[in-house]
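Chemist: Okay, here's the structure, questions in a sec.
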Amino acid sequence: MTSPAAVATIMFTDLVGFTEYTDACGDAAAVAVLDQQTAIARAALDHGEGRVVKELGDGLMFWFEGPDAAMRSALAMLTAVAQARRDTRAFPLGVRMGMHCGNVVARGDDYVGRTVNVAARITDLAGPGELVVSDGVVAALTPGGVDFEPVGPVRVKGVASPIWLHRVATRSRH
């Protein structure tokens with residue numbers, strides 16, 4: 001059952017090098033990393049303002065009521081992953097993230113639509129430990145607290161017009 005379109009912020013994560021890690025370390029180790037990513041993500045969620053929608057292979061899809069909650073959660077997750085990688089070496093892979101806001105259509109517990117598709121494509125453009133967001137996210141955020149580096153207009157697969165992208169500046173993440 002579908003619901004009318006509503007404005008939301010959608011974020012995806014992707015584990016960088018997951019296929020190679022699975023090949024080298026085996027399925028049990030790979031599942032342990034997936035479980036750890038999910039635990040870190042759930043701990044980073046801004047209570048009541050976001051949720052993990054679903055697991056997608058080695059990534060996660062999130063829904064947030066607004067971009068401020070999404071940004072807080074994304075930064076918390078990036079910090080937690082970086083700390084786990086640096087301090088304990090307990091998390092062997094980097095995570096990349098992408099975020100876009102706009103209209104989404106609820107379909108049961110899932111969300112679909114252009115905003116979801118664009119957020120997924122943006123994620124593919126991020127590097128390990130990076131959060132890349134659309135111009136719409138930057139414009140909708142409450143000013144202050146996060147610095148951005150412009151990536152510029154980028155063509156993403158399946159979208160006719162270029163999308164202006166920004167990378168969260170490194171100093172914002174720590």
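Chemist: Which option, (1) 42, 40, 33; (2) 47, 35, 33; (3) 47, 41, 28, is the value of Cα extents along the principal axes in Å that was calculated from these coordinates?
Modeler: (1)
Chemist: Measuring from label point to label point, each 7 Å out along Cα→Cβ, what is the Ala43 to Asp87 span in nm?
Modeler: The answer from the label model is 0.8 nm.
Chemist: With a 1.4 Å probe and every protein chain left in place, work out the accessible area per residue of the chain in Å², rounded to a whole number.
Modeler: Here the per-residue accessible area is 50 Å².
Chemist: Continuing with this model, one more query. For region 68-124, max minus min Cα coordinate along each principal axis, in Å, sorted largest first?
Modeler: If we take the Cα atoms of region 68-124, the spans are 40, 22, 21 Å.
Chemist: Within 12 Å, Cβ to Cβ, of Gly59, how many net charges do the neighbouring residues add up to if Lys/Arg are +1 and Asp/Glu are -1?
Modeler: Its environment carries a net charge of -2.
Chemist: Nearest 500 deg cm²/dmol is fine: what mean residue ellipticity at 222 nm does the chain get from its DSSP H runs of n ≥ 4 alone, each adding -39,500 (n - 2.57), divided by its residue count?
Modeler: Helix-only estimate at 222 nm: -10500 deg cm²/dmol.
Chemist: Here's something else I'd like to know. State the Cα centre-to-centre distance between region 105-147 and region 1-68 in whole Å.
Modeler: 13
Chemist: So if I place +1 on the C-beta of Lys and Arg and -1 on the C-beta of Asp and Glu, and nothing else carries charge, what would the dipole magnitude of region 24-174 be about its Cα centre? I want it in debye, nearest 20.
Modeler: 300
Chemist: Separate question: Towards the positive end of the charge dipole of region 101-164, with charges on Cβ (+1 Lys, Arg; -1 Asp, Glu), say which of Ala140, Ala126, Pro162 has the farthest Cα.
Modeler: Sorting the options by dipole projection puts first Pro162.
Chemist: How much of the DSSP beta bridge set in the chain is antiparallel, as a percent to the nearest 5?
Modeler: 90
Chemist: Let me ask you something else. Taking K and R as +1 and D and E as -1, what net charge do the other residues with C-beta under 13 Å from the C-beta of Ile122 add up to?
Modeler: +2
Chemist: Let a ≥ b ≥ c be the square roots of the eigenvalues of the Cα gyration tensor of region 106-171; is it rounded (a/c under 1.5), or, if not, prolate (a/b larger than b/c) or oblate?
Modeler: The shape class here is prolate.
Chemist: In region 90-174, what trypsin sites (Lys or Arg not before Pro) fall in a loop by DSSP, with at most 15 other Cβ atoms inside 10 Å?
Modeler: Of the trypsin sites (Lys or Arg not before Pro), the ones in loops of region 90-174 whose Cβ has at most 15 other Cβ atoms within 10 Å are Arg155, Lys157.
Chemist: Shifting gears a bit: Considering region 12-70, what Rg and Dmax in Å follow from its alpha-carbon atoms?
Modeler: 12.8, 39
Chemist: Please compute the net charge surrounding Thr9, taking Lys and Arg as +1 and Asp and Glu as -1 over other residues with Cβ under 10 Å from its Cβ.
Modeler: Once all neighbours under 10 Å are counted, the net charge is -3.
The values are calculated or read from the model by the stated rules, or taken from the named source; none is laboratory data. Since the structure is predicted, the reported quantities are computational estimates derived from the model, not experimental observations. Reconstructed Cβ throughout: ideal geometry from the backbone, glycine too, with neighbour counts over all protein chains shown. Calculation scope for accessible area: heavy atoms of the full protein, side chains included, ligands and nucleic acids excluded. Shrake-Rupley method; radii C 1.70, N 1.55, O 1.52, S 1.80 Å.
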